[in-house]
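Student: My questions all concern the structure below.
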Amino acid sequence: MSDNGSRGGQDNAAIAFERVDKGFNGRKVLDKVSFSVARGEALCILGRSGTGKSVTLKLMIGLLKADGGRVLVEGEDMATLDEDRLAKIRRKMGFLFQSAALFDSFSLNQNLALPLHRLDRTKSRDEIKHAVAETLRQVGLEKDGEKMPVELSGGMQKRAGLARALVLKPEILLVDEPSSGLDRITAGEIDDLLMKVKTEWHTTMVIVTHDIHGARKIGDKFAVLDEGRLLAFGTPEELDDKQDNRLRQFISER
Amino acid sequence: MLKSAFESIGRVTSFGAKALRDAWLPPFEGEYLLKEFYEIGVGSFLLVVAAGFALGVVMTLHTRSTLVQFGATAEIPVFQSLAFFNEIGPLVTGLLVAGRVGAGNGAQLANMRATEQIDAIEAFSVSSFKLLVVTRVIACTIMLPLLTIFMDVAGILGGFISEHVASHLSWTLYLQRAFDGVALANFVPPTLKTAVFGYLIATISCFYGYTTNEGSDGVRKAATNSVVISSLVIILADVILVKCIFFLFPDQAI
């Protein structure tokens with residue numbers, strides 16, 4: 001069951017997992033998981049807490065290394081990349097962390113400028129300033145650039161985290177629990193921002209979420225993880241047609 | 001228990017050696033290094049000067065009550081300067097910085113780990129070790145001797161004021177007596193040994209903060225361990241360093 005991810009069109013895949021294993025302290029978190037995400041596609045990863053959803057994202061950006069199998073991003077095996085090639089791949093990726101992970105000793109402007117300074121050497125200081133202001137405007141925080149993260153509400157922090165993930169105009173956006181800790185309205189605003197990014201920039205997205213309502217709005221495909229294995233993979237309609245009570249627990253809106 | 005203690009010592013040593021090696025490799029993170037110089041140096045200045053001044057006053061009060069019985073109150077200034085240059089200045093500065101900077105480093109880095117800020121730095125292909133650990137180790141190593149000089153000056157000033165109130169001794173005569181018989185070897189090696197204290201404080205506190213992964217409990221443990229272990233280690237290191245100074249400058253060991 002864990003090997004039932006989409007194999008078709010892997011050549012066009014932005015991201016591909018090939019029989020990936022990952023464990024911590026002797027406990028297997030991912031067990032021979034395979035799937036792929038086509039360019040421009042939005043994949044929502046669903047499942048209970050502790051089933052390796054966030055680990056999946058960290059494997060994609062190379063923060064963790066797989067114990068077995070291969071994680072391919074833009075056709076490159078993340079485990080074999082040297083620092084320079086890893087930086088080139090990461091230049092194409094944005095990551096919105098669950099807690100937003102804003103650097104709390106930096107202002108919002110500085111938070112957004114850091115990835116530009118480090119990963120985009122072509123931009124002058126003025127261009128970086130302009131890119132930061134423009135990205136903050138897109139998430140509705142144009143007046144908050146000088147604020148410190150602690151001065152922002154939970155929803156604003158998420159939007160700021162999203163702005164930082166978007167400031168490099170990534171081809172691939174990884175999003176960890178965009179609605180966690182937010183009320184329904186604020187979570188809806190974040191979902192709308194993600195939809196905007198998807199439709200306007202055609203960004204490939206991988207979104208880990210518990211919010212099936214938001215997932216149905218954004219996701220082209222769902223991957224359902226259960227106890228480290230891929231329980232199901234496909235479009236929401238395909239999964240709705242499956243007569244599997246366990247799967248229904250994850251994808252039912254009620 | 002013993003095995004675990006040796007393992008910890010090995011891990012801290014290897015962590016400190018990596019910091020020492022990486023300090024010579026680019027990028028040098030100048031902007032963040034300056035921030036740490038300010039945080040450690042300017043942030044600890046008032047604490048060190050106030051403590052030095054108060055200790056100077058108290059030391060003179062105690063010394064006077066003893067020396068007056070032998071009619072040797074003229075020796076108070078030189079006792080004061082030798083005590084501060086050789087031991088009180090370096091050790092008390094080390095302990096104060098271990099408390100203030102050690103706890104701050106441990107808690108801040110552990111919090112950054114818990115809130116995925118360190119992962120976010122790595123996701124931008126920036127070495128979090130160089131940015132967060134190496135800058136702190138360099139800044140603490142360089143700032144400790146400078147803070148020690150301020151502690152010495154404040155201690156001598158406190159001693160003068162105490163003595164002036166008791167015997168109306170003039171500032172010129174106090175200084176003349178304080179430095180009479182004080183060689184450069186009484187001042188330079190003990191002050192420079194605090195660079196080792198600074199290196200140890202930063203290495204130990206950064207180790208506990210950077211390597212923890214236990215959420216808010218990890219923050220508490222990292223802050224506590226940083227202060228307790230670094231205070232203990234600098235006292236033990238002091239014994240070895242004093243022996244080394246006596247070996248290199250035998251005149252001091254009389």
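The values are calculated or read from the model by the stated rules, or taken from the named source; none is laboratory data. Nothing here was measured: the structure is a model prediction, and the numbers come from that model. Cβ coordinates were reconstructed from backbone atoms using ideal geometry, including for glycine residues, and neighbour counts include every protein chain displayed.
Student: Just checking, which of A:Asn25, A:Asn12 is more than 23 Å from A:Pro178 (Cβ to Cβ), within 14 Å of chain B (Cβ to nearest Cβ) and surrounded by fewer than 22 Cβ atoms within 10 Å (Cβ to Cβ)?
Tutor: On inspection, the qualifying residue turns out to be A:Asn25.
Student: If you take just the helices (runs of 4 or more DSSP H) that sit entirely in segment B:93-201, which of them hold at least 1 residues that are away from chain A (no Cβ under 14 Å) and buried (at least 19 other Cβ atoms within 10 Å of the Cβ)?
Tutor: By residue number, B:103-114, B:135-167, B:171-179.
Student: For segment B:208-221, does any single residue satisfy the condition of being of a type in the set (Gly, Ala, Ser), farther than 30 Å from B:Glu39 by Cβ, touching a residue at least 24 places away in the same chain (Cβ under 8 Å) and out of contact with any strand residue (DSSP E or B) (no Cβ under 7 Å at 6 or more places or on another chain)?
Tutor: Within segment B:208-221 (the criterion being of a type in the set (Gly, Ala, Ser), farther than 30 Å from B:Glu39 by Cβ, touching a residue at least 24 places away in the same chain (Cβ under 8 Å) and out of contact with any strand residue (DSSP E or B) (no Cβ under 7 Å at 6 or more places or on another chain)), the answer is no, since none of the residues qualifies.
Student: Report yes if A:Arg85 is without any contact (Cβ under 8 Å) to a residue 60 or more places away in the chain, in contact with a strand residue (DSSP E or B) (Cβ under 8 Å, 6 or more places away or on another chain) and within 11 Å of chain B (Cβ to nearest Cβ), otherwise no.
Tutor: For A:Arg85, the condition - without any contact (Cβ under 8 Å) to a residue 60 or more places away in the chain, in contact with a strand residue (DSSP E or B) (Cβ under 8 Å, 6 or more places away or on another chain) and within 11 Å of chain B (Cβ to nearest Cβ) - is met.
Student: Residues that are within 20 Å of A:Gln98 (Cβ to Cβ) and hydrophobic (A, V, I, L, M, F, W, C): find the strands (runs of 3 or more DSSP E) completely inside segment A:157-254 holding 1 or more of those.
Tutor: Output list reads A:172-176, A:204-208, A:221-226.
Student: While we're here: Right, A:Ala87: touching a Ser or Thr at 6+ places or on another chain (Cβ under 6 Å) and either surrounded by fewer than 18 Cβ atoms within 10 Å (Cβ to Cβ) or under 23 Å from A:Lys196 (Cα atoms) (or both) or not?
Tutor: So A:Ala87 fits the description; yes.
Student: Additional query: Please tell me if B:Val219 is surrounded by 17 or more Cβ atoms within 10 Å (Cβ to Cβ), at pLDDT below 95 and either assigned to a helix (DSSP H, G or I) or out of contact with any helix residue (DSSP H, G or I) (no Cβ under 7 Å at 6 or more places or on another chain) (or both).
Tutor: It is true that B:Val219 is surrounded by 17 or more Cβ atoms within 10 Å (Cβ to Cβ), at pLDDT below 95 and either assigned to a helix (DSSP H, G or I) or out of contact with any helix residue (DSSP H, G or I) (no Cβ under 7 Å at 6 or more places or on another chain) (or both).
Student: I'd like to know if segment A:207-217 contains one or more residues that are surrounded by fewer than 23 Cβ atoms within 10 Å (Cβ to Cβ), in contact (Cβ under 8 Å) with a residue 40 or more places away in the chain and among the hydrophobic types (A, V, I, L, M, F, W, C).
Tutor: Yes, there is a match, as at least one residue in segment A:207-217 is surrounded by fewer than 23 Cβ atoms within 10 Å (Cβ to Cβ), in contact (Cβ under 8 Å) with a residue 40 or more places away in the chain and among the hydrophobic types (A, V, I, L, M, F, W, C).
Student: Same structure, new question: Could you please give the count of residues in segment A:121-144 that are small (Gly, Ala, Ser) and under 21 Å from the mean Cα position of the chain (by Cα)?
Tutor: Residues that pass the stated criteria total 1.
Student: Within segment A:62-82, how many residues turn out to be within 17 Å of the chain's Cα centre (by Cα), more than 14 Å from chain B (Cβ to nearest Cβ) and hydrophobic (A, V, I, L, M, F, W, C)?
Tutor: 2
Student: Can you name every residue in segment B:24-62 that is crowded, with 16+ Cβ neighbours inside 10 Å, more than 30 Å from B:Ala83 (Cβ to Cβ) and among the hydrophobic types (A, V, I, L, M, F, W, C)?
Tutor: B:Leu33
Student: What do you reckon, is A:Leu102 within 13 Å of another protein chain (Cβ to nearest Cβ), buried (at least 20 other Cβ atoms within 10 Å of the Cβ), under 23 Å from the mean Cα position of the chain (by Cα) and not acidic (Asp, Glu)?
Tutor: Judged against the criteria, A:Leu102 is a match.
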